[in-house]
Amino acid sequence: ERKYKYIHVRTVGKGSNVGYIELDRPSALNALCDPLMLEVSNALDDFESDDSIGCVILTGSNKAFSAGADIKQMAPVAKYADIYKAKFLSQWDKIASFRKPLIAAVNGYANVMAGGCEIAMMCDIIYAGDTAKFGQPEIKIGIIPGAGGTQRLPRAVGKSKAMEMVLTGDPITADEAKQYGLVADVFSAKDLLPKVIEKAEKIAANSHLVTSMCKEATNKAFEMTLAEGLHFEKRMFHSTFATDDRLEGMMAFIEKRKPNYSNE
Ligand code: CAA
């Protein structure tokens, strides 16, 4: 059992097969200092290697999902060379390279700002409470987004809206985020977590092996040409026939019963 200072980690869902990571650094609106990000990374490693876990939810508090990188940690850094040598922010890539389905649940009035928005975009699905706000306000403090804000945001909302957000620093509402395709759905603040847990349980009821393959193939849509992506998908689809779970899923359908996956 690891001890955490800035996050709470547990399992949720009827089968305890959904991992749950809650950011809890209220004094700084869940600003993503290095120790907090190390804790998130460790929790993800544990859920990745736990065969019983089929989906993970990353969430924050009602006030903030996260207000981004820790400005107080960054402010005193004197030199470019220090930031470069430390590969500053590259440890955040752990979230993007996590292999199981990862859902960002953005609570009630939460601010999803800067690096907070960027880690939400590293997740596979974002669900938001109806009063959440999303923004990339880095420009207001003399920097540009450094963890995907200039790359994943335009892919999510299109060039014009992304440019408006990164150049003005102005946030958008949860409803706008849904309209532009940044979030999959918006729920009332009180319904959000139960709804997200329900979705996560639905995902975790599938073969954990095959959901990882499905995630890997879908992510290629953002990395490859259509021809390369379709080729990758076809090979990955063929490879599902090498799994026990493919046969179990099809037989369960034919026998009109629930599949019992071994994740092999
Ligand atoms: N880093 C460190 N501390 C932060 C913080 C951050 N990113 N965001 C908020 N805090 C701290 C505040 O300093 C304040 O601390 P004190 O009580 O000690 O003064 C506390 O959290 C509460 O914040 P506010 O009083 O500002 O709360 P608010 O409700 O009035 O405003 C907010 C909320 C709009 C999110 C505002 O806090 C804000 O604008 N935060 C900064 C957002 C930002 O610019 N982030 C950029 C980070 S850079 C980055 O992330 C780079 C990248 O791309 C990876």
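Can you find, within region 116-162, the residue that is farthest from Asn62 (Cα to Cα) among those that are open to solvent by 30 Å² or more (accessible area, probe 1.4 Å) and of a type in the set (Ser, Thr, Tyr)? Filtering first and then ranking leaves Ser160. Of all the residues in region 181-210, those that are hydroxyl-bearing (Ser, Thr, Tyr) and surrounded by 18 or more Cβ atoms within 10 Å (Cβ to Cβ) number 1. Inspect region 34-52 for any residue being outside any helix (DSSP H, G or I) and within 24 Å of Met113 (Cα to Cα) and give the result as yes or no. No: region 34-52 contains no residue that is outside any helix (DSSP H, G or I) and within 24 Å of Met113 (Cα to Cα). Here region 163-180 is the region considered, the condition is being open to solvent by 50 Å² or more (accessible area, probe 1.4 Å) and either in a loop (DSSP other than H, G, I, E, B) or at pLDDT below 95 (or both), and the residue that is farthest from Cys117 (Cα to Cα) is Tyr180. Would you be able to say whether some residue in region 184-203 is at positive phi and either away from the ligand (no atom under 16 Å from the Cβ) or under 19 Å from the mean Cα position of the chain (by Cα) (or both)? The answer is no, given that none of the residues of region 184-203 is at positive phi and either away from the ligand (no atom under 16 Å from the Cβ) or under 19 Å from the mean Cα position of the chain (by Cα) (or both). If you go through region 61-81 and keep only what is within 7 Å of the ligand (Cβ to nearest atom), small (Gly, Ala, Ser) and either assigned to a loop (DSSP other than H, G, I, E, B) or open to solvent by 40 Å² or more (accessible area, probe 1.4 Å) (or both), you end up with Ala67, Gly68. Checking each residue in region 203-217 for being touching a residue at least 60 places away in the same chain (Cβ under 8 Å), part of a helix (DSSP H, G or I) and out of contact with any Ser or Thr (no Cβ under 9 Å at 6 or more places or on another chain) picks out Thr211, Ser212, Lys215, Glu216. For region 82-98, a tally of residues being surrounded by fewer than 17 Cβ atoms within 10 Å (Cβ to Cβ) and either of a type in the set (D, E, K, R) or in contact with a Phe, Trp or Tyr (Cβ under 9 Å, 6 or more places away or on another chain) (or both) returns 4.
The values are calculated or read from the model by the stated rules, or taken from the named source; none is laboratory data. Please read all numbers here as calculations on a predicted model, not as lab measurements. Cβ atoms come from the backbone with ideal geometry, glycine included; neighbour counts cover every protein chain shown. Quick note on the areas: whole protein, heavy atoms, side chains included, nothing else; ligands and nucleic acids left out. Shrake-Rupley method; radii C 1.70, N 1.55, O 1.52, S 1.80 Å.
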